[in-house]
Amino acid sequence: MTKLDRLARSTKDLLGIAEEIKKKGTDFEVLNINLDTKSPTGQLMLTMLAAIAEFERGIMLERQREGINIAKADGKYKGRKPINEAKLQQVQKLVDNGTSVSKAVSEVGIGRRTYYKAIEEGRL
């Protein structure tokens, strides 16, 4: 494996994967940090690095949430734009007149899934 953080997101998952690999009679190496799990020292390092990676990910997600909350408070984070109902009606009119759904949504500029979701929700 080339990078440890690409294998698992949590320490528990990584150690579970390492245990499964060990049960199959093999070990693995992390190439970018020259870590080999054959030795007890390698296993200790694997556990410590996994815990640090999980901690870093938690900190990153916490900062992201804080940033989103600040942006929301400043009115800068509005989420996804609402669907233009007039465009949905325009697509429906084209479809009713015999245009294929794919062509109609392409002409109007909305996604197929958006159109079908509006139908599922009873908006069309």
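The values are calculated or read from the model by the stated rules, or taken from the named source; none is laboratory data. Small disclaimer: the values here were computed from a predicted structure and weren't measured. Every residue, glycine among them, receives a Cβ derived from its backbone with ideal geometry; neighbour counts consider all protein chains shown.
Please count how many residues of segment 1-28 are outside any loop (DSSP other than H, G, I, E, B) and hydroxyl-bearing (Ser, Thr, Tyr).
Summing the residues that are outside any loop (DSSP other than H, G, I, E, B) and hydroxyl-bearing (Ser, Thr, Tyr) in segment 1-28 gives 1.
Report every pair of residues separated by at least 6 positions or lying on different chains whose Cβ atoms are under 6 Å apart, first residue within segment 103-124 and without any contact (Cβ under 8 Å) to a residue 12 or more places away in the chain, second of a type in the set (A, V, I, L, M) and part of a helix (DSSP H, G or I).
Listed by first residue and then by second, the contacts come to Arg112/Val105.
Scan segment 50-76 for residues that are surrounded by 12 or more Cβ atoms within 10 Å (Cβ to Cβ) and free of Cβ contacts under 8 Å to residues at least 40 places away in the same chain and report the count.
4
Residues checked against (1) of a type in the set (Ser, Thr, Tyr); (2) within 30 Å of Lys12 (Cβ to Cβ); (3) at pLDDT below 90:
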site: Ser39; (1), (2), (3): yes, yes, yes
site: Gly58; (1), (2), (3): no, yes, no
site: Lys81; (1), (2), (3): no, no, yes
site: Ser100; (1), (2), (3): yes, no, no
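Report, by residue number, each residue of segment 29-46 that is assigned to a helix (DSSP H, G or I) and surrounded by 15 or more Cβ atoms within 10 Å (Cβ to Cβ).
Scanning segment 29-46 gives Gly42, Gln43, Met45, Leu46.
Name every residue in segment 88-99 that is over 18 Å from Lys117 (Cβ atoms) and either of a type in the set (S, T, N, Q) or in contact (Cβ under 8 Å) with a residue 12 or more places away in the chain (or both), in order of residue number.
Asn97, Thr99
From the list Thr41, Thr26, Thr47, pick out the single residue that is of a type in the set (Val, Ile, Thr), touching a Ser or Thr at 6+ places or on another chain (Cβ under 8 Å) and over 30 Å from Tyr77 (Cα atoms).
Details: Thr41 fails: touching a Ser or Thr at 6+ places or on another chain (Cβ under 8 Å); Thr26 fails: touching a Ser or Thr at 6+ places or on another chain (Cβ under 8 Å).
One residue alone meets the criteria, Thr47.
Could you tell me which of the residues Gly42, Gly79 is among the small types (Gly, Ala, Ser), in contact with a strand residue (DSSP E or B) (Cβ under 8 Å, 6 or more places away or on another chain) and without any contact (Cβ under 8 Å) to a residue 40 or more places away in the chain? Give the derivation first.
Working: Gly79 fails: in contact with a strand residue (DSSP E or B) (Cβ under 8 Å, 6 or more places away or on another chain).
Unique residue meeting the criteria: Gly42.
Has segment 63-73 got at least one residue that is of a type in the set (A, V, I, L, M, F, W, C), closer than 16 Å to Leu7 by Cα and assigned by TED's automatic domain parsing to the domain that holds Lys12? Before the answer, list the steps.
Looking only at segment 63-73, we keep the residues that are of a type in the set (A, V, I, L, M, F, W, C), and these are 68, 70-71, 73.
Remaining after also requiring closer than 16 Å to Leu7 by Cα: none.
No, because not a single residue in segment 63-73 is of a type in the set (A, V, I, L, M, F, W, C), closer than 16 Å to Leu7 by Cα and assigned by TED's automatic domain parsing to the domain that holds Lys12.
Looking at the structure I just gave you, is Leu35 in the same structural domain as Lys12 (by TED's automatic domain parsing) and touching a helix residue (DSSP H, G or I) at 6+ places or on another chain (Cβ under 6 Å)?
Taking the combined requirement at face value, the residue satisfies it.
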